[in-house]
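> Have a look at this one before I ask anything.
The values are calculated or read from the model by the stated rules, or taken from the named source; none is laboratory data. In this text the structure is predicted, and so the values were computed from the model without any measurement. All Cβ positions, glycine included, derive from the backbone under ideal geometry; neighbour counts span all protein chains shown.
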Amino acid sequence: MSPKAGQDDTSATPSVGSLDVKVEVIVIPVSDVDRAKRFYQGLGWRLDQTPPGIVQFTPHGSACSVQFGAQLTSATPGSAVAYLVVSDIAAVRDALVSAGVDVGGVFHVTPDGPADGPDPERRSYVSRATFRDPDGNTWLLQEITTRLPGRVEGGLTSYGSASDLASALRRAAAAHGKHEERTGERDDNWPDWYAAYLVSEQSGATPPE
């Protein structure tokens, strides 16, 4: 039956919750574009081709980019705060320090506030470190190896770089070693076990035992 006059046919309209929307770029406020450009080049981030007046960098392995420019935002330079997700916070911090970046010490979040050093259990989302660009925009490194349930849809698994995949395989190997200790048997089906473990890390599902 056709809709009555004055009524919209919304039968084919997708719901807001089903829209495929991706965060592509975040804009940060800077006071000196050239100085900021030198800093982010020093981080090893990829300088992308952009229209005039826009500088865009993409961190290695990231699907989201960072933009800045003289006319992009009226926000106060240094007021931005953003997270950089890493799989090994100690290794990333060491690499940044070697590149001349002033990175604070690794700390972990507790119910009583921040505590020095990485989380003793190396739980995801807990270990952090910070650094700032020349304007004071804050970048918060956060170690994540296992996603909370629901953060990855459909059990999809992806890795942004070879180093991220290698770190995941090392964690799978360590967990699989404990699995063989518990069973007291060699597991010749380890590829399937590894695959299940890698997917569970990113999707938040229960890992194999």
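> For the structure I just gave you, tell me whether ASP88 is acidic (Asp, Glu) and in contact with a strand residue (DSSP E or B) (Cβ under 8 Å, 6 or more places away or on another chain).
Yes: the conditions hold for ASP88.
> It is to be established whether one or more residues within region 70-86 are modelled with pLDDT under 95, in contact with an Asp or Glu (Cβ under 7 Å, 6 or more places away or on another chain) and assigned by TED's automatic domain parsing to the domain that holds PRO134.
Checked against the condition, which is being modelled with pLDDT under 95, in contact with an Asp or Glu (Cβ under 7 Å, 6 or more places away or on another chain) and assigned by TED's automatic domain parsing to the domain that holds PRO134, region 70-86 yields at least one hit.
> For region 28-132, which fully contained strands (runs of 3 or more DSSP E) count at least 3 residues that are within 30 Å of SER200 (Cα to Cα)?
So the answer is 81-86, 107-110, 113-116, 127-132.
> What's the total number of residues in region 61-86 that are over 15 Å from TRP139 (Cα atoms) and touching a Ser or Thr at 6+ places or on another chain (Cβ under 7 Å)?
So the count comes out to 1.
> Here is a follow-up. Being exposed (fewer than 12 other Cβ atoms within 10 Å of the Cβ) and at positive phi is the filter here, so list the residues in region 57-116 that pass it.
Residues satisfying the conditions are GLY100, GLY113.
> Moving on to the next point. Are any residues in region 117-127 out of contact with any His (no Cβ under 7 Å at 6 or more places or on another chain) and surrounded by 11 or more Cβ atoms within 10 Å (Cβ to Cβ), and if so, which ones?
ARG122, ARG123, SER124, TYR125
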